[in-house]
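Q: I have a structure I would like to understand better, so I am pasting it below and will then ask my questions one at a time.
The numbers here are math on the coordinates, done by the rules we state, and not lab data. Just so it is clear, the model here is predicted, and its values are computed rather than measured. When we count neighbours, we look across all protein chains shown, and the Cβ atoms used for this are built from the backbone with ideal geometry, even at glycine.
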Amino acid sequence: MEQSLVLSEVENDLSRTLTPSKIVEALDQYIIGQKEAKKAVAIALRNRWRRLNASEHIRKEIMPNNILMIGSTGVGKTEIARRLAQLAEAPFIKVEASKFTEVGYVGRDVESMVRDLLEYSISMVKAKHKEECLVKAEELADEEILDILIPPIKSNTETNNHTGFTKPEATQADIELNERTREKFRIKLKNGELDDRHIELDMKIGSGPSVQVLGPAGFQGIEGLSDLLSNLAPVKKKKTKLTVKEAREYLIEEEAQKLIDMEAVTRQAIDKTEQSGIIFIDEIDKIASNATNRSGADVSREGVQRDLLPVIEGTVVNTKYGSVKTDHVLFIAAGAFHLSKPSDLIPELQGRLPIRVELSALTEEDFVNILTRPQNALTKQYQALLESEGMELHFEEDAIKEIARIAFQVNQEIENIGARRLHTIMSNLLDQILFDVPDMTDERSFVITANDVREKLNAIVKSRDLSRYIL
């Protein structure tokens, strides 16, 4: 039953129409070049769908083809993995291999990345469940607000405990009048006519005090005990004056949380993590040790590699929500490998990253395409920023080429940081415009020409010292 549940979910996320060519086409909208890397991740993603539709007797035996990406910073390694996860609606986290330490040392243990992946998966599934029960939550929130504005009339007689007097029984006419009034206010509430009215509401003050238990960092039993003790603390409430609009937003959130079945959320999140989770391990070259010159630091790096090995090849990680198997989690490792090479990784780890893809350095033409073609191109981002001020920003074609030329030149002469160089160049090019725009009343548009780019940046580019520290 659980397997069929996962199957249906994956089929929805990654339908038959999402072929490797369609995946590459979708990635092309955000990432320029790197066809081999896109092809590798597209095949890996499609293979997941194939595995879940394979015969049951072989399904568990099909292991994911984990990927090792080799390329300098800023060429698109992280972006490819992140966009792939968004495309598949899969849980995704990025970790840095250099942040982990060998078991027994102070620092994060490698299993913490699986726990982080599960936390992200739970937030994804919880958000989906919240969407499903949002209509019901809105109805309940509206009823609570109506109870404050126009309390309902009960038909039975009530005795006041303080005075001993019995209230007279409400007549049918009173009850019907009350219902008609509530219905009128319900319509006004939905139409937003009562948004500015103020009401008093009992609101929770935070989530209670946080209780910390001293113990080894990353030890799951200690973390679970801390959560348990924190949950035992009483939740305090305080009467707060809010507008109806603010109160409605707060109550919808509260009611939605009550309607969500957390056991079902946890169960589905674990399945989603195991079957479609993606972990991107960056800077894996930083834990590669050179066999010819081994030192204490190299021994420690090798220890991290050995700790990573069982997680990548498949193990059971205990979390506060339950056990998570990593057998079918897709691992994408990446590194520049300037001072080391992939063969410096321990052989067992190399074997668990069978697909190797080398990402090429960005050319001047790539920079032109990066500035114009992607949906999130930097030029489009700056145009959107100035549009919010009522200003128009245009880049001439020659200006785009000049920006690309300068970015490529600085990368060649100083240090190659890939597409990230465009951020510093664009920031320096447009800083004065961004500063002056709010005070301008005459000009409503700007046109950036090649001469503008040269006048603003050439002096910095020619001085290697200025380039090193500014660009």
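Q: What lysines does Lys456 reach when the alpha-carbon gap must be under 25 Å and sequence neighbours fewer than 8 apart in one chain are set aside?
A: The qualifying lysines are Lys380, Lys401.
Q: Here is a further query. Taking only C-alpha pairs under 8 Å that are 6+ residues apart, what is the relative contact order of region 364-470 in percent? Intermediate results must be reported in sequence, preceding the final value.
A: Working: 101 pairs, mean separation 35.9, N = 107.
Here the relative contact order equals 34 percent.
Q: For region 364-470, what class follows from the C-alpha gyration tensor (a ≥ b ≥ c being the square roots of its eigenvalues): rounded when a/c is under 1.5, otherwise prolate if a/b is larger than b/c, else oblate?
A: Working: a/c = 2.04, a/b = 1.50, b/c = 1.36.
In terms of gyration-tensor shape, prolate.
Q: Quick check on the exposure proxy: order Met124, Met262 from fewest to most C-beta atoms within 10 angstrom.
A: Going from least to most buried by this count: Met262, Met124.
Q: Could you order peptides 80-87, 93-100 by the average number of other Cβ atoms within 10 Å of their residues, highest first?
A: So the order, starting with the most tightly packed, is 80-87, 93-100.
Q: Let me check I've understood the local charge: for Pro354, count other residues with C-beta under 13 angstrom from its C-beta, Lys and Arg +1, Asp and Glu -1. What total comes out? Mind dumping the intermediate values first?
A: Details: positive: Arg352, Arg356; negative: Glu313, Glu348.
Every neighbour counted, the sum reads 0.
Q: In this model, which of Lys22/Lys258; Lys99/Lys325; Lys99/Lys272 are farther than 29 Å apart at the alpha-carbon?
A: Numbers: Lys22/Lys258 40 Å; Lys99/Lys325 23 Å; Lys99/Lys272 26 Å.
Those over the limit are Lys22/Lys258.
Q: Restricting attention to the alpha-carbon atoms of region 16-106, what are Rg (one decimal) and Dmax (integer), both in Å?
A: In Å, with Rg to one decimal and Dmax whole: 15.5, 48.
Q: Taking the number of other C-beta atoms within 10 Å as the exposure measure, put His394, His328 in order starting with the fewest.
A: In order of increasing Cβ crowding within 10 Å: His394, His328.
Q: Show me the trypsin sites (Lys or Arg not before Pro) within region 355-454 that DSSP assigns to loop and that have at most 16 other Cβ atoms within 10 Å of their Cβ. Spell out each step's value before the answer.
A: Values: sites: Arg356, Lys380, Lys401, Arg405, Arg420, Arg421, Arg444, Arg454; in loops: Arg444.
Filter output for region 355-454: Arg444.
Q: Could you sort out which of Lys130/Lys204; Lys136/Lys190; Lys126/Lys184 sit more than 22 Å apart by Cα distance in this structure?
A: Result: Lys126/Lys184 exceed 22 Å.
Q: Can you sort Ser427, Ser289 so the residue with the fewest Cβ neighbours within 10 Å comes first?
A: Final ranking by Cβ density, sparse to dense: Ser427, Ser289.
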